[in-house]
Each structure stands twice: as structure tokens, then as C-alpha cells.
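The values are calculated or read from the model by the stated rules, or taken from the named source; none is laboratory data. Remember, predicted model here, so these are calculated numbers, not experimental data. We place every Cβ from the backbone using ideal geometry, glycine too, and count neighbours over all the protein chains shown.
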Amino acid sequence: MRKSVIFKGKLLPLLLMLPQLVITSIFFFWPAGQAIWSSLLREDAFGLNRNFVGLENFAEVIADPTWRGAAENTVLFAFSVAILALAAALLLAVQADKAIRGSELYKTLLIWPYAVAPAIAAVLWLFLFHPQIGLIGRALNAAQVAWDYRLNGGQAMLLVIIASAWKQVSYNFIFFLAGLQSIPKAVLEAASIDGARPVRRFWTIVFPLLSPTSFFLLTVNLVYAFFDTFGVIHALTQGGPAKATETLIYKVYVDGVENLNLGASAAQSVILMLIVVAVTAVQFRFIERKVHY
Amino acid sequence: MLRRTLAKGAFALTTAGIVTGRQAIAQGAPVDIQFWHGLTQPLGGMLEQIAADFNNSQQRYRVNATYRGSYAETMVAAIAAFRANNAPNIVQMFEVGTATMMAATRATKPLWELLQQTGVNINFDDVLPAVRGYYSLPDGRMASMPFNSSTAVAFYNKDMFRKADLDPEAFPKTWPAVADAARKLKAAGIATPMTTSWPTWLMVEQFSAIHDLPLATKGNGFGGLDAELTINNPLMVRHMQNLIDWQKEGLFRYGGRDNAADGLLPSGECAFTFASSGTRARILKEAKFDWGTAMLPYYDDVPKAPLNSIIGGASLWSMNKGSGVGRSEAEWRGVAEFFAWLAKPDVAAKWHTDTGYLPLTRSGYEQVKASGFYKQNVGADVPIEQILRGGGVLTENSRGIRLGGFPEIRNIIQEEMERAFQGQQDAKALLENATRRGNVVLRNFERANRT
Amino acid sequence: MAESLTKERGVAGDFTLRASRARQRRGHWMTHGVLLLGVVIFALPIWITLVGSTHDVNTIGRGEVPLWFGNHAVQNYIAAWTRGGEAVRNTRAVPAGTMLWNSAVMATLIAVGKIAISLLSAYAVVFFSFPGRMAFFWMIFITLMLPVEVRIIPTFQVVVDLHLTDSMAGLVIPVIASATATLLFRQFFLTIPDEYVEAAKIDGAGPLRFFWDVVLPLSRTNIAALFVILFIYGWNQYLWPLLIITDTRLETIVVGLSKMIGRGDAQNEWNAIMATAILALLPPVAVVVLMQRWFVKGLTETEK
């Protein structure tokens, strides 16, 4: 799409685009290409011995039980975070949409966690759940629940899910609220006159009208859980204990940076790239469709 | 006339320039030697002081020692720099990275070759056997420069021992006795008396060396890249199962990977622990109770036990600048002379007494002993005694470990231990899984480094 | 509306009305309840951290979780700011003051950088026609699909090759390569009426004058909204600074904070760590709260 009235000139626009193109080429396309090339090689850490091995790295990665484990962890983690963050945000947005006293204050108080970095959110929740110094951690241990997320894989997963979802609720809240406020009042009033109780109104009218927003948020939340939560995991559990919280993106880091297994790490990167492209493509198609109603 | 004067003047200036230039080159701006290390404060500061002393002692070379992150981070940085044709002259590499550095024949220059090339002489005959063995080739030539070596010892809370009616001067010598002591301590009110730092280093690597058990074929990997893990042996299974059972019994507490458990003794949560000898400095500062150092326990029904323990820590490697990018003779010589400086008896002795790392040479040890240092610092000689245990003669199994991808293998073993401690598997399964997964890493390393 | 219901439905309507009013009141209490619960759950971690940062290290280390402020606030914050903690033995400690400065510079440069190059690119794509226009646009759009985490190692190698590690440039430049701002500006520029452009042409203004005099002022709200979003994005960078910075003088606060929680290096100075966490939160939260209206508007409009 383009405007019908434009300026003449061929050199100027190229110059204007140059900074972004240059940076994108050097720091995006070049490394992305390197990642793809690297995934087809088997080399030692120093790059002195390089052998082209085709798709062997990919075959090994997919057959590797720890990769499959990381994939399972990622799916569990991503959907848990998304569902938890969406449900909580929807509930809060519905309540905040009602015209009550202090709704502006509530909104501010519920929006600020967006500013908190995932890694910091993790640290804050660590202060709460640490077995020795955390309020909730100590309470759990005192209540005979053996709570130590550094030793128990399930507990570690629970903690990273909570810390990640907590931070994401604000983002979802903003969008749900905007979505709710854009539902024409007339539709809701008509339903109310027809005698529909609030709960019924919600599920039959509001929820369907929110579905484009919900779908958009679902994809954003999933992508967030896939990638931005690296900080949460690195700060809290480093993928442990015993790989219980190792997600696909964390494994790319461990295999590449800690284990210096560059071919495998690159192959995993490429697989992740394909997943994100697929998810984004689906989202884009859907949003395009939405524009037409 | 003017033109001729100008020309003469120009000629004079140029000649003068050439002369002073040549003089400058001859006198030499000092050659810069980049040294990347992974020691945090205060050790890093002490290291940098040694470099400064070297710089002050001569004019030809300037060693620039900089902290590059943890050992693992320093390794990544050095590798990336090499790929960018900008590697440092010297890099400090942890002991488990020895195999990787050795296999990278075009990236690193072995020490023996460096010394031969530059004509600098360092005598390694007197170096403590376990230290020398870890960093040398099978035929005795040195691959890297030993610098900061530690070993593992037991630290224990004497006050708690007294409370439990145990002799505070006699830490139990065998594992069964350790378990008994732990039971008495538990009965005296200490919730979980025993823990360990560096679970793999202590309970697998040191354990195998002390009991003359092979950790891998080919002499623990010294003999070739085609080594395979042999940790799945009866004694190792027995010891792992003991640890699992002791944890269930409440005697042993898994404190986390690497040095996460270092704080459990000083804080009073545990009565004794097994840790790096370097932890001594921390315990000195933080412990508010009477404590002692002892040698690692063993199973006395094993014929050769107890042999020497192996070292941990790091050594210094000299690196090429990049693949196919050479260095000047002056740079190599500077590195060699710096290494010679580190081996000087007084420098090595001060490094040992200041930091708690092992003294480089036997004579250094004797010198420090004669000065009465160990009388004032009780227990500081335990690590050395332990390194020399078994007569100071190394076997193939107590020489050290040279396996590729070993950091990853350590994590694999730690992961399997964590699963066992969570009750998901027993010792046999633990070692089977660890062996299987570890061998995959070894085969990958072999394939990647086959020239 | 309530009156009309009563008028129409009479006595029965009156009864329904009171029932629905009662339901409304219950609803109100429930609403407040839910919202308050939400606010508390959000605030709880912050509260505990804030309170903890005002106590001394032994209180927390012992496991007493204070629920109200202690009296060590000033010394904790000063110690965290200037030294990264009181105990010299803390081997990884970097002064929070340094880290906050680094993060602030980095976040500001990233936000400004992204906005600047995106404005220029979007302007070029929308207001001109030149060969390769759409191809370049798609090139930029693709970057949306691949966050830096997926190409870290090769990007790291590129940065090493360019000698940009341990530098502010290395922290900032690779991260401004992405496309969200360009897309947003493009969307917005497409809505600028053609008449403005025609008027500018009639006035004899060239494209650059049009940009400076008309487009930029019109884009003010969008720029403000984007600034908030991108500042937060820049401030919260984790994996990238983790990889390329080893010089502690350039440590950013988000990464530095996570490194303070030692894995056994030294006994954790929880009170200093908590103080640093609060310091790490304050600037981005302040930016969001102060610029809330623009920020919300900007976020919801980026979606389209």
C-alpha cells in the first residue's frame, strides 16, 4: 500500500532507509544466514575443523531425548503462562471496565508491572518463595510442605510459570480493557433489556466480540513465553533442577555458549525460527481477515 | 639558495627522524601481552598485582591482566576472539577445559614448544606430581602452565563435633565412619549434618582417583579421543547409593551444583562438608565457631585406597592470535618470561600463602613449612598432604582427567544425581544414564576434533 | 434508563428493579474485591522487597520476613548505590549507581535510535516510489519474526568481529535492528491525508521540509508512546548484555541484579540485593506511570 500522492526522488528515499537497512543486514541477515550455515556443519569450538554434514545436526537434535524434554517443557510452560496471564487479565479487565469509583487508580496500579523486566520479576518472586528467606517459602515449609524449588523440578516449573505470568498480566489487561471499551454499549443494553443476566451476557456477547483481541494476545503471550522468559529461567533456576525448567530457547543458549556445541545449537535455533515464523504467519493471516469484518 | 637550505633542512630532519625512529624501535615500546583471567576479587586483584610486579621488573614486556567473567565465560570470550583473529596472548582455562585446549592444536601453543622456541627455561621436575600430571602430555612434556591449583578436602565444625560427643581432632577416615558420625550429629540436634560442594568433582572425580578407579578408558582420556566413561562400576554404584540412602535418612543434604553449597558450613546449617581447599579463605572470614580441615574419607575395603586426590583450578595457556595469524617472536618471549616469573620460588610461595592455592613446587612447600606458616595456619597443609598421599606416585587413575566436553559431562552427572536425589532413580540407573549421555558428548567431541 | 424500566413495568418492574439494584451492589463489592485482590497480588512481591531492603542483612538471612519497614534504609541504599553492597567480600558486586547509569544510557539510546531510523524508513516507504521499495520493506518486516534470542551466537560472533564487545555501541546497535516501530509509523503515515502532501508541494516544500514541518509534529503522540515501549524494551534487555559485557563498568542493572544472587560465591547480601531490585524497577515503572496515557494508546494502536 502506498499513498497516491508522493514525492519524486529515488536517491533520497534510499538514503533515508539506509541506516535501518545497513543495521538489519549486518546484525540480522548476516547472523541469521550464519546460523543456518552453522547448523549444517560439525565443527570444534575454535572453528579449526569444519565438516559439512548436511541435515545430520537436525536429525540428532530431533532424536535427542533432552531436546524433546525441552520441547515438552516449553509447551507446558508457554500454555500455562498464557492461560494464566490471559484468564487473570480478563477477569481484572472485566471488573475494571465497570464504572466504579477509583477505576483510574486501579488501572494505574495494574498496569505498572509491564515495566518490570522478566528477570527482575523472577528475582522478586524468588524473595517470596526462597525456602530460607521467603515469606511464602517459609510458610510452606512450616506447613510440612517440603518446598525447595532448587531441588524439586515440579516446584521450579511452578515458580517460573508464576513469575512469568505475573509480569504478562498487565499487558493483557491493557488490551482486554481497550477491547471491552470498544464494544458498542448499544449491544450490551439490548441484551440487558432482553433479560440476559450479566454472566450470560458475558459469555454470549462480550467474549465472542473479544475473540480477535484474545487470539492476538494468545499469540503474543505464547511468543513471550517462548523467548522473553529466558531471563526468568536464567535468573531463577538455570534450567534446573535436572533440566526441569529447560525450555527450547534456554537449551539453545546452554548448548551454544556453555557446551560449545555450535552445530547443535545452530540447528535448534533454525528449528525455533521455523516455529516462530509459522506462529507469526498464522497470526498475520488471521489479523488480515479481521480487518475485513 | 633558500631552496637548497630548505632541502638540506628537510634532509636533516628526515635523517634525524629515521635515526630517532630506529632508536625507538630498538629501545622498544614495551610489547603488550594480553592476559585474560577468570578470578573474581580478591584473588583477581592479587593476580593483577603479580602481573604489575612483573611489569615493574623489566622494560620489554607489559602484561595486561583483565577479568573476563567466570572461567566458562572467559573460555567463550577467548574462543570468539580467536575466531575474530584477535585472541589474547594468555588465557586462564579451568582444568576441565584442558582437553578442549589441547585438541585445538592450531589455536594454542603447548608450553614445551613455547619454551623450546624462545629458549626460556623453567624447571618442572620439582612441581607437585598431581599438579604436573594434570597438565602434561603422557610423555611428560608440559602442555600448559600450572598456576592456581586446588584440591578437595573436608571441613568440619569442631564445636558441633564436641556437642555430639565426637573427637574434634579426629575427622572420620572412612565413609562408614562418616555416616556414623553424621548419625551422632543428627541425634545431637543438627538437622542434616553432611553436605558437599561440587558434587561431581568430589563424589565422582576425586572419589575415583583416591580409590584408584578409572573414570574413563585410555587412562582417563590421556591416551586418546576415543575414551569412554567407566563410572558405572560397582564401587561407584555403592557410593552413590549410599549418598541417596543417607539423603533419605536425613544425614546428607544435596546443596546444589558447583559451589552453591559453600555457605552451608559457615552459616552453621551443616556440620561438615567437602569442598575446594580454596574455600578455606571464606570459612576463615565467616565461620563463628571452631573448625578444622581433614583429608577426604575413603572405603578401606578397597585395596589401593587411599591414593592422592586430583587437582582442580586452572592453568595458563598461550594462544595464537587467530587461525593463520601469527605473533611476533617478542610476544612469545614475553609470555614465556612471564611464565618463568610465576615459577619463581618467592612469587609462587606468596601466591600459595596469600590465596590457599597449592604451592607449585615441593621445595616451595618445604620452604613455607620451614617458615612456620602451617603452624600458624592450622590445616593449610592438609591439601598438600593429601595431594602427596600414596607416596606421591601417580597411577593412571590418579593423574587427572582429560576428556573433551567435560563441563557438559559434569552437568550431565549432576543432573542425573539431582534426579536420583528427587527419588526418580536409584544409583544404578543414575550411573547408566550418566555414562550413556556422557559418551555421546565424548563421541561428538571426537568427531568434531578429528583432523 | 432505570426510570424508564420502572415506568414501563409497574409494580413488578419495581420489584425487579430493587432485586437488580441489590445485585448491582453485590456486584460492586465483588468488583472492588477482585480488583483489590489483583492489586495486592501485583504489589506483594514489591512490598516484600521494598520492606526487606530497609532491614539489615542478618534479619533477612535468619529468615525473619519483615512486613514493615526497618531502619536500615538509608545505609542499604547508599551501600548498594556506591559499592554494590556493604561487604567487600561480595565478589560480583557492582555499584548500583553505575549499573543504573549504564541501563539508562542504553535504554535511551535504544529508544531514540529505533525511533529515529524507523521514522526515516517508514517515511521513505510511504511517501516515495523507488525500485526495490517493497523488497526493502519486506526485509525489514521479516526481522519481526526472529527475536535476537534465536540468532544469539552468530550475532555474538559478528559483534566480536567488529570489536564491539564490552562497549555501549555493541549493547545498542544490534538491538535497534527490528521492525515494530517502522510498521507503526508506516500505518500512521498512511493515514495522513493526501491534501497535506499536495499543499506542501504547492508551497514548494521538498520532502525533507514536509517531514520536519508536518509529519513529525503529527507523529508526536505515536513517538511518545513508542518511546515508553522502547525504553522499557531497552531497559529490560537480558540475554544480549549477558553475552557481550564482561567489563563490570558496563554492567546493566537487570543483568547485574541477577548476578548478585550468587550461586555460592559469598553469602547473599539479601538486603542489598533487594535495594538494587527496587532501584532497578523505579525508572521503567516511573516512565510507564507518568506516560501512561500515551503508552496505553500506543500499545493498543500497534496492534492494528
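One table, with the values for the structure above:
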| quantity | calculated |
| --- | --- |
| Some residue of segment B:98-105 being under 24 Å from B:Gly219 (Cβ atoms), of a type in the set (S, T, N, Q) and either within 14 Å of chain C (Cβ to nearest Cβ) or surrounded by fewer than 20 Cβ atoms within 10 Å (Cβ to Cβ) (or both) | yes |
| Unmet criterion (only one of (1) at pLDDT 90 or above; (2) more than 30 Å from A:Ala264 (Cβ to Cβ)) for B:Arg399 | (1) |
| Matching entry among B:Ser363, B:Ser398 (being surrounded by fewer than 21 Cβ atoms within 10 Å (Cβ to Cβ) and hydroxyl-bearing (Ser, Thr, Tyr)) | B:Ser363 |
| Residue in segment C:167-176 that is modelled with pLDDT of 90 or more, polar (S, T, N, Q) and part of a loop (DSSP other than H, G, I, E, B) present | yes |
| Residue within segment C:215-227 that is modelled with pLDDT of 85 or more, within 11 Å of chain A (Cβ to nearest Cβ) and out of contact with any Lys or Arg (no Cβ under 9 Å at 6 or more places or on another chain) present | no |
| In segment B:298-328, the residues that are outside any strand (DSSP E or B) and within 16 Å of the chain's Cα centre (by Cα) | B:Asn308, B:Ser309, B:Ile310, B:Ile311 |
| Meets criteria (within 17 Å of C:Val172 (Cα to Cα) and at the interface with another protein chain (Cβ under 8 Å from one of its Cβ atoms)) for C:Val197 | no |
| Top-ranked residue in segment B:74-123 [being more than 16 Å from the chain's Cα centre (by Cα) and of a type in the set (D, E, K, R); ranked as nearest to C:Asp247 (Cα to Cα)] | B:Arg83 |
| Residue check for A:Arg150: assigned to a loop (DSSP other than H, G, I, E, B), at pLDDT below 85 and within 12 Å of chain C (Cβ to nearest Cβ) | yes |
| Listing of helices (runs of 4 or more DSSP H) fully contained in segment B:157-276 that carry 2 or more residues being in contact with a Lys or Arg (Cβ under 9 Å, 6 or more places away or on another chain) and buried (at least 23 other Cβ atoms within 10 Å of the Cβ) | B:207-210 |
| Output for segment C:149-185, where each listed residue is more than 7 Å from chain A (Cβ to nearest Cβ) and touching a Pro at 6+ places or on another chain (Cβ under 7 Å) | C:Val159, C:Leu171 |
| Among the residues listed as B:Gly69, B:Gly17, B:Gly28, the single one being more than 19 Å from B:Lys350 (Cβ to Cβ), surrounded by 10 or more Cβ atoms within 10 Å (Cβ to Cβ) and modelled with pLDDT under 55 | B:Gly17 |
| Verdict on C:Ala225 being part of a loop (DSSP other than H, G, I, E, B), buried (at least 16 other Cβ atoms within 10 Å of the Cβ) and of a type in the set (A, V, I, L, M) | no |
| Residues of segment B:101-120 satisfying the condition of being part of a loop (DSSP other than H, G, I, E, B) and either modelled with pLDDT of 90 or more or in contact with a helix residue (DSSP H, G or I) (Cβ under 6 Å, 6 or more places away or on another chain) (or both) | B:Ala107, B:Pro110, B:Gly119, B:Val120 |
| Condition check for A:Thr245: buried (at least 18 other Cβ atoms within 10 Å of the Cβ) and among the β-branched types (Val, Ile, Thr) | yes |
| Test: residue in segment A:143-165 that is farther than 29 Å from C:Thr276 by Cβ and of a type in the set (Val, Ile, Thr) | yes |
| In segment B:277-297, the residues that are in a loop (DSSP other than H, G, I, E, B) and within 17 Å of B:Ser150 (Cα to Cα) | B:Met295, B:Leu296 |
| Segment A:1-53: number of residues that are within 7 Å of chain C (Cβ to nearest Cβ) and more than 28 Å from the chain's Cα centre (by Cα) | 15 |
| Selection from segment B:81-94 of residues that are at the interface with another protein chain (Cβ under 8 Å from one of its Cβ atoms) and surrounded by fewer than 24 Cβ atoms within 10 Å (Cβ to Cβ) | B:Ala81, B:Arg83, B:Ala84, B:Asn86 |
| Within segment B:326-348, tally of residues that are over 17 Å from B:Ala52 (Cα atoms) and in contact with a helix residue (DSSP H, G or I) (Cβ under 6 Å, 6 or more places away or on another chain) | 3 |
| Enumeration of residues in segment A:254-280 that are farther than 17 Å from A:Phe58 by Cβ, under 18 Å from the mean Cα position of the chain (by Cα) and more than 7 Å from chain C (Cβ to nearest Cβ) | A:Val279 |
| Residue match in segment B:130-140 (condition: part of a loop (DSSP other than H, G, I, E, B), closer than 21 Å to B:Met319 by Cα, among the hydroxyl-bearing types (Ser, Thr, Tyr) and modelled with pLDDT under 95) | yes |
| Candidate set from segment A:152-182 (those that are of a type in the set (Val, Ile, Thr) and within 21 Å of A:Phe216 (Cα to Cα)); member that is surrounded by the most Cβ atoms within 10 Å (Cβ to Cβ) | A:Val169 |
| Boolean, B:Glu366 is at pLDDT below 95 and either within 18 Å of B:Lys218 (Cβ to Cβ) or not assigned by TED's automatic domain parsing to the domain that holds B:Thr105 (or both) | no |
| Residues (more than 7 Å from chain C (Cβ to nearest Cβ) and of a type in the set (S, T, N, Q)) located in segment A:77-136 | A:Ser80, A:Ser103 |
| Neighbours by Cβ (under 7 Å, 6+ apart or cross-chain): first from segment B:169-198, under 13 Å from B:Ala271 (Cα atoms) and within 14 Å of chain C (Cβ to nearest Cβ); second of a type in the set (S, T, N, Q) and surrounded by 16 or more Cβ atoms within 10 Å (Cβ to Cβ) | B:Thr195/B:Thr273; B:Thr196/B:Thr273 |
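For (1) in a loop (DSSP other than H, G, I, E, B); (2) facing chain A (nearest Cβ under 10 Å); (3) at pLDDT 80 or above, each residue gets a yes or a no:
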residue	(1), (2), (3)
C:Thr246	yes, no, no
C:Arg263	yes, yes, no
C:Gln267	yes, no, no
C:Met274	no, yes, yes
C:Ile278	no, yes, yes
C:Pro284	no, yes, yes
C:Val289	no, yes, yes
C:Trp294	no, no, no
C:Thr300	no, yes, no
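Here's the yes/no breakdown for (1) outside any helix (DSSP H, G or I); (2) at pLDDT 85 or above; (3) closer than 18 Å to B:Ala81 by Cβ; (4) touching a Lys or Arg at 6+ places or on another chain (Cβ under 9 Å):
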{"site": "C:Leu144", "(1), (2), (3), (4)": "no, no, no, no"}
{"site": "C:Val150", "(1), (2), (3), (4)": "no, no, no, no"}
{"site": "C:Pro154", "(1), (2), (3), (4)": "no, yes, yes, no"}
{"site": "C:Leu164", "(1), (2), (3), (4)": "yes, yes, yes, no"}
{"site": "C:Leu183", "(1), (2), (3), (4)": "no, no, no, no"}
{"site": "C:Leu208", "(1), (2), (3), (4)": "no, yes, no, no"}
